[in-house]
Amino acid sequence: MFAVLLAAPAFAAAADTAETVRFITCPIYRDTDAGKKSGCWLADDRAGGRRFDVSRAPSKPDWNFEILVEGRIAADVASHCGGLVLEPVRSSVLPTPCPRHMLPAEGFAGNKFTLPPRNVRPLSEVRKAPEPPFADRTFHLVFDFDKAFIVYQLDDYLLDQAITWIRGVNPTRVVVTGWAATDPAEVSGRTIAEDPAIARTRAELVGEALRRLGVPDEKLELRWKTSAQPVAAEGADGLAEPSRRRVDIEVKL
Amino acid sequence: MIRAAPLVLAAAALAALTSALAAPASRPERWWAPGEGRVFPAELDYENETGTLRTMLVGGPMKTKGHPFFAPIGPNGRACVTCHQPADSMSLSAQTAQERWTATNGRDPLFAAGDGSNCPTLPQATRASHSLLLDHGLIRIQRSWPPKDLTGKAITPDFTIETVRDPWGCNTGAKYGPAAASPNVSVYRRPRPISNLKYLLAVGFAYDPKQGMPLPLDPESGRPMSGNLMADGRAGTLNAQMRDAASTHLEFLKNMSARDMARIVYFESRLFSAQIRDRRGGALDAGGAEGGPDKLARSQPGNLGSQGPAPVWSEFAAWEKPDPSLTPEQSAFRQSVARGARSFREKMFLISDSAGINSPIGFGNPVRNSCVFCHNMTQMGNDVAPGQVDLGTTTQPFADPAPHLPLFRITCRRDPHPHYGRVIYTSDPGYALTTGRCADVGKITLQSMRGLAARAPYFSNGSAKDLRAVVDYYDRRYRIGYTEQEKQDLVNLMSAL
């Protein structure tokens, strides 16, 4: 089975004619040492025989389990790990067990850690309040496959953006819609689809998160839906499939 | 004269009190008994194996007579101070427990049947019935099962718990254990220090990345909670902790008054403890170093060492440069501490299969990092984020053999645990006893690293008898490969905190 090539989504414009890939495999950890968090994550696409560097994924693999890889080949970026660099890239940990495999550094330097641009700042740093004119606005949080975990240094950052906006505009309603990508898809020789129940779990989790951040109950409305379609979601970085697995936070004035 | 006499008496009385408040005895009694009425001085020093621990009470001395932290408010004769002793960095060492046993022939309220013995059903007069406290510094903690959330609503756990081994009978039978008429689970844990609390209560960020959620809110105040109190996170505020402790450890059957709780919070918030002198290295705040409690009292809590203003344990950075004026022994110790601090931050190793680190946060399993990855708060070494992490100290196969502790079999009903699978064997499920989640089994809240020299043994279950055993555990658990020199440097660093 070949890696599934994703149709270039209209919203991702133009952008990119770069090849996107989607496949399932067991991850490989390469034990490079360029300081903290510098180890490499590699993923072999069994169908095409190519090795990809998925180290830039916000959620990194677990060497005990299969991963679903979704990403775009960054042809002009050299890997410090070995393999074609995927950027942007998402890796979702699946429940199927894998044999652990760790490679030595073999001369690869690994990725020296730099703080990702999407990082939540401490509470001591004052957020810039939104400036008028205000209008209805929708924020998206994007999730790993079949997961409802707010991804560190991705979704928490986007949630922080949303709550800063909400606090600034004092909306009449905040509608939280959880989506599940329930339409079956063929990936690496198997059919995958998200559990429909994850849509509700995502909505309730983000609803609780907003409550904890100060959105009053009476302004919150929760919904959940299946058969999600791709949208232009900042957190998906132009990748269509991850944008289906999301929560929409609609802020209505 | 007639008018002057009361003034003279008042002045004399004031002078006596001032003298009592300002000039503590040079060698204060180590044990603080409930209700004894001593004055708590502004600075209180106690010797320990490696040097001297200092506890500061910011704002000056305090009379303890009638103070709710020091008064035996319940029927068992204990007070908060019973298990939070100044000489033990406001915790309780196993050595102190042994000294009390010897001094009182086991009659001290510390050895109350409820939790100062291995189980209340055992004959209380024998030492063997208190062996967990005497040999391992452990207090019995009885959690109701299933747990309740912060609002008191029952949680439906996603796992079952069965007792596999019960050496003391407190997890089987009609009254005790998960199969009892009113189900409960007894685990055994070290008392946590209650000084330097501003660091444990600090809220640096709005989010708990380990749980993937904003911090939970205190139902009383509506404010976010740090998540760094108590081994299993069952209380998020000092008020909640006090209610829990008063009703269990003190057997106080009424609610503590708001005034008493406020007095305790005020006292605890002024307490700062740290080692101030080392027998080999001398003053820990000399030669440019900033050890000791004064720096703690003056510093802002909640800073992530990696983002400034100062890296973790940079208090000892000045000791990296040799000082020719020192004795060889002093010089060797100081440089060892400075190396230990650097090693703590910079010695990288692979962290694997540790929930709270390798799952579900997304760092990957494994992830390369150092001690400071989790012990990341400047000045204190606890976690800026809520610090519920599974190091494996209580859970097989990583835990050291502990035949003196109960063993539970956890069976996950829905998703298996991300690292242990569906069936887990543990002597303390930790945070899972609070959340009811299988994924949280074995997670224990990181704690302050200050005053360690005064409060052995270590880890929540007392499994490390000394600081070397702490380093050895990490070395085994994560195959770090420390050299002998690196191990000694880390031990020296931790002894200087």
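The values are calculated or read from the model by the stated rules, or taken from the named source; none is laboratory data. Nothing here was measured: the structure is a model prediction, and the numbers come from that model. Positions of Cβ are generated from backbone atoms using ideal geometry, with glycine treated the same way; all protein chains shown enter the neighbour counts. Each accessible area value is taken on the protein alone, full model and side chains, heavy atoms only, with ligands, DNA and RNA left out. Shrake-Rupley method; radii C 1.70, N 1.55, O 1.52, S 1.80 Å.
Descriptive notes on the structure:
- Number of residues in segment A:109-148 that are open to solvent by 40 Å² or more (accessible area, probe 1.4 Å) and either part of a loop (DSSP other than H, G, I, E, B) or hydrophobic (A, V, I, L, M, F, W, C) (or both): the value is 23.
- Contacts under 6 angstrom Cβ, first residue in segment B:222-251 being at positive phi, partner hydroxyl-bearing (Ser, Thr, Tyr), 6 or more apart: B:GLY233/B:TYR431; B:GLY233/B:THR434; B:GLY233/B:THR445
- Close pairs (7 angstrom Cβ cut-off, 6 or more residues apart or separate chains): open to solvent by 20 Å² or more (accessible area, probe 1.4 Å) in segment A:157-184, hydroxyl-bearing (Ser, Thr, Tyr) anywhere: A:THR182/A:THR226; A:THR182/A:SER227; A:ASP183/A:SER227; A:PRO184/A:THR191
- Figure legend. Inter-residue proximity from segment B:336-363: first residues under 21 Å from B:GLY305 (Cα atoms), second residues aliphatic (A, V, I, L, M) and part of a strand (DSSP E or B), beta-carbon distance below 7 Å, spacing 6+ or different chains. Indicated pairs: B:ILE351/B:VAL367; B:GLY356/B:VAL389; B:ILE357/B:ILE351; B:ILE357/B:VAL367; B:ILE357/B:VAL389; B:ASN358/B:ILE351; B:ASN358/B:VAL367.
- Failed item in (1) more than 14 Å from every other protein chain (Cβ to nearest Cβ); (2) open to solvent by 30 Å² or more (accessible area, probe 1.4 Å), with B:ILE276 passing the rest: (2)
- Residue match in segment A:216-226 (condition: open to solvent by less than 10 Å² (accessible area, probe 1.4 Å) and β-branched (Val, Ile, Thr)): no
- Checking each residue in segment A:189-220 for being assigned to a helix (DSSP H, G or I) and not hydrophobic (A, V, I, L, M, F, W, C) picks out A:ARG200, A:THR201, A:ARG202, A:GLU204, A:GLY207, A:GLU208, A:ARG211, A:ARG212, A:ASP217, A:GLU218, A:LYS219.
- Among the residues of segment A:43-57, those that are within 13 Å of chain B (Cβ to nearest Cβ) and crowded, with 22+ Cβ neighbours inside 10 Å comprise A:ALA43, A:VAL54, A:SER55, A:ALA57.
- Whenever a residue of segment B:83-112 is part of a loop (DSSP other than H, G, I, E, B), its partners that are of a type in the set (D, E, K, R) and crowded, with 20+ Cβ neighbours inside 10 Å, lying with C-beta atoms within less than 8 angstrom and at least six residues away or across chains, give the pairs B:SER89/B:ARG450; B:SER89/B:ARG455; B:LEU92/B:ARG190; B:LEU92/B:ARG455; B:SER93/B:ARG455; B:ASP108/B:ARG100; B:ALA112/B:ARG78.
- Just one of (1) more than 9 Å from chain B (Cβ to nearest Cβ); (2) open to solvent by less than 10 Å² (accessible area, probe 1.4 Å) fails for A:SER38. It is (1).
- Pair list, Cβ < 9 Å and 6+ apart or interchain, from segment A:24-35 residues that are facing chain B (nearest Cβ under 9 Å) and closer than 13 Å to A:GLU106 by Cα to residues that are acidic (Asp, Glu) and surrounded by fewer than 18 Cβ atoms within 10 Å (Cβ to Cβ): A:THR32/A:GLU106
To keep it simple, each residue is scored yes or no on (1) part of a helix (DSSP H, G or I); (2) within 14 Å of chain A (Cβ to nearest Cβ).
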position: B:ARG234; (1), (2): no, no
position: B:GLU251; (1), (2): no, no
position: B:ALA262; (1), (2): yes, no
position: B:PHE272; (1), (2): no, no
position: B:PRO311; (1), (2): no, yes
position: B:PHE316; (1), (2): yes, no
position: B:LEU326; (1), (2): no, no
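- Tabulated pairs, segment A:58-81, first among the β-branched types (Val, Ile, Thr), second in a loop (DSSP other than H, G, I, E, B), C-beta under 6 angstrom, 6+ apart or interchain: A:ILE67/A:PRO61; A:VAL69/A:VAL54; A:ILE73/A:ALA18; A:ILE73/A:GLU19
- A count restricted to segment A:131-165 and to residues that are within 12 Å of chain B (Cβ to nearest Cβ) and of a type in the set (Gly, Ala, Ser) stands at 2.
- If only residues of segment A:187-202 that are within 18 Å of the chain's Cα centre (by Cα) and within 14 Å of another protein chain (Cβ to nearest Cβ) are counted, the one that is surrounded by the fewest Cβ atoms within 10 Å (Cβ to Cβ) is A:ASP195.
- Residue that is open to solvent by 10 Å² or more (accessible area, probe 1.4 Å) and either modelled with pLDDT under 95 or touching a Phe, Trp or Tyr at 6+ places or on another chain (Cβ under 7 Å) (or both), where the choices are B:PRO167, B:PRO157, B:PRO216: B:PRO216
- Enumeration of residues in segment B:221-244 that are open to solvent by less than 40 Å² (accessible area, probe 1.4 Å) and in contact with a helix residue (DSSP H, G or I) (Cβ under 7 Å, 6 or more places away or on another chain): B:SER226, B:ASN228, B:LEU229, B:MET230, B:ASP232, B:GLY233, B:ALA235, B:LEU238, B:MET242
- Whenever a residue of segment B:287-303 is within 23 Å of A:SER124 (Cβ to Cβ) and modelled with pLDDT of 95 or more, its partners that are surrounded by fewer than 17 Cβ atoms within 10 Å (Cβ to Cβ) and among the β-branched types (Val, Ile, Thr), lying with C-beta atoms within less than 8 angstrom and at least six residues away or across chains, give the pairs B:ALA297/B:VAL58.
- The single condition among (1) surrounded by fewer than 23 Cβ atoms within 10 Å (Cβ to Cβ); (2) under 30 Å from B:ARG437 (Cα atoms) that B:GLN307 does not satisfy is (2).
- A:THR172 falls short on exactly one of the conditions (1) within 13 Å of B:PRO214 (Cα to Cα); (2) out of contact with any His (no Cβ under 8 Å at 6 or more places or on another chain); (3) not small (Gly, Ala, Ser), and that condition is (1).
- Test set (1) touching a helix residue (DSSP H, G or I) at 6+ places or on another chain (Cβ under 7 Å); (2) within 30 Å of B:GLY436 (Cα to Cα) - B:GLN98 fails condition number: (2)
- Selected residue (criterion: nearest to the other protein chains (Cβ to nearest Cβ)) from residues of segment A:94-108 that are exposed (fewer than 11 other Cβ atoms within 10 Å of the Cβ) and assigned to a loop (DSSP other than H, G, I, E, B): A:PRO99
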